[in-house]
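Just below is one structure, and these are the notes that go with it.
The values are calculated or read from the model by the stated rules, or taken from the named source; none is laboratory data. If you're wondering where the values come from, they're calculated on a predicted model, not measured in any experiment. When we count neighbours, we look across all protein chains shown, and the Cβ atoms used for this are built from the backbone with ideal geometry, even at glycine. When the accessible area is computed, the model is the full protein with side chains, heavy atoms only, and any ligands, DNA or RNA have been set aside. Shrake-Rupley method; radii C 1.70, N 1.55, O 1.52, S 1.80 Å.
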Amino acid sequence: MTEGVAEARAEVRVYLGTYTTWAGGGPGLGLASYDAATGRLRSTGVVAGVPNPSFVINAGRRVYAVNEQSKGTVTALEVGANGVPKVINTQSTGGADPCHLVLHQGHVLAANYSSGSVSVHPVRADGGLGPRTDLVRHKGSGPDPDRQEGPHAHQVLADPAGAFVLAVDLGADAVFSYRLEQGRLTRVGTARLHPGAGPRHLAFHPNGRYAYIADELDSTVVVASYANGVLTPGQKLGTLPPGAPTTPRNYPAEVVVSADGRFAYVSNRGHDSVAVFAVERDGASLRLLEATPVGGEFPRHIALDPTGGLLFAANQNSNTVTTFAVDKATGKLKHTSTFPAPIPVCVAL
């Protein structure tokens, strides 16, 4: 085997979400790859004609992206033999500004931020999306007049067992739980967060009994117990170290958990750091270890690679993706490289 072939096989494909309609944004869905040993990224092209792909999921031969615009849509792509995705089709979500999606039980579900709703689309045999089979609209509001005048669905995901779907709603200060049956969603529970929390995203502990909810509006993370589709909020703690400056205002964004369940990470936009938490009591509590400077501005999305040895941060306002080596023993992060990208807001591994 030649050295060139060895290097090529050591690279892993990654998709970069961006905003195509913003000044300085990308022309479409960004394509890149990273060195599996070092995490160093390099650009491999772009798929044009995918508007505002602000959140993307990599499903192997298939890729699905939201199109975050007032008339929201979702796009399905197929990865060709040459490794380049091609658009299969696009479907309307029936809502405004979809910002997150999940592939679950043969369906793609999307969270429509501005309209506070979740849409359901069946996946066709060719990987494309069929017409919408359901659209559920949340109700609720919160005390922040600028951000919580009504519901704002910000994330939709399946629980670890694949039995239920959860929708995190920033505007309603709530997480709604559903069962998906024959393409339709049935509500099974509602978890109410503290007023003004602005829950944005959550991540489950690998044991499936706990989830960690990142709250965008008050820089907190809430530990919630979980069973049978129902979240019960418990411990609440800050995502910033004591004495951190209050300006600029901080907005937590993404939360991820290590595969061994020992550490959790939350991106801090404004403080421009990644909060590192130790997971204690078999997932029932968190303890802030440190907030590592992210090496960029406004880290919107973070992702751990499958080995757990690398963490990537999409820094929206500095047009960079930074890579960190993860110390699996301590959970701490070490910045290793910086990659330029136009308004990166998602790193889909």
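Within segment 297-316, does at least one residue satisfy the condition of being touching a residue at least 60 places away in the same chain (Cβ under 8 Å) and at positive phi? No; the residues of segment 297-316 include none that is touching a residue at least 60 places away in the same chain (Cβ under 8 Å) and at positive phi.
Do you know which residues across segment 64-101 are of a type in the set (A, V, I, L, M) and part of a strand (DSSP E or B)? Walk me through it before giving the result.
Pass one, segment 64-101, residues of a type in the set (A, V, I, L, M): 65-66, 74, 76-77, 79, 81, 84, 87-88, 96, 101.
Those that are of a type in the set (A, V, I, L, M) and part of a strand (DSSP E or B): Ala65, Val66, Val74, Ala76, Leu77, Val79, Val87, Ile88, Leu101.
Across segment 284-324, which residue is farthest from Ala203 (Cα to Cα) among those that are open to solvent by less than 40 Å² (accessible area, probe 1.4 Å) and in a loop (DSSP other than H, G, I, E, B)? Restricting to residues being open to solvent by less than 40 Å² (accessible area, probe 1.4 Å) and in a loop (DSSP other than H, G, I, E, B), the top hit is Ser318.
The selection criterion, being crowded, with 20+ Cβ neighbours inside 10 Å, assigned to a loop (DSSP other than H, G, I, E, B) and either touching a His at 6+ places or on another chain (Cβ under 7 Å) or on the phi < 0 side of the Ramachandran plot (or both), holds for Tyr19. Within segment 273-301, the set of residues being more than 24 Å from Gly208 (Cβ to Cβ) and acidic (Asp, Glu) comprises Glu290, Glu297.
Restricting attention to segment 232-288, the residues that are closer than 14 Å to Arg300 by Cβ and basic (Lys, Arg) total 1. Among the residues of segment 88-122, those that are more than 11 Å from Glu68 (Cβ to Cβ) and among the hydrophobic types (A, V, I, L, M, F, W, C) comprise Ile88, Val102, Leu103, Val108, Leu109, Val118, Val120. Taking segment 255-280, which residues are under 16 Å from Leu310 (Cα atoms) and open to solvent by 10 Å² or more (accessible area, probe 1.4 Å)? Selection gives Val256, Val257, Ser258, Ala259, Asp260, Arg262, Phe263. Summed over segment 205-229, residues that are farther than 23 Å from Arg147 by Cβ and open to solvent by 30 Å² or more (accessible area, probe 1.4 Å) total 7.
Remark: pairs (first residue in segment 70-86, within 13 Å of Ala110 (Cα to Cα) and at pLDDT 95 or above; second residue open to solvent by less than 60 Å² (accessible area, probe 1.4 Å) and among the basic types (Lys, Arg); Cβ separation under 9 Å; 6+ apart in sequence or on different chains) = Ala76/Arg62. Within segment 141-181, the set of residues being open to solvent by 50 Å² or more (accessible area, probe 1.4 Å), part of a loop (DSSP other than H, G, I, E, B) and touching a residue at least 40 places away in the same chain (Cβ under 8 Å) comprises Pro143, Arg147, Pro160, Ala161.
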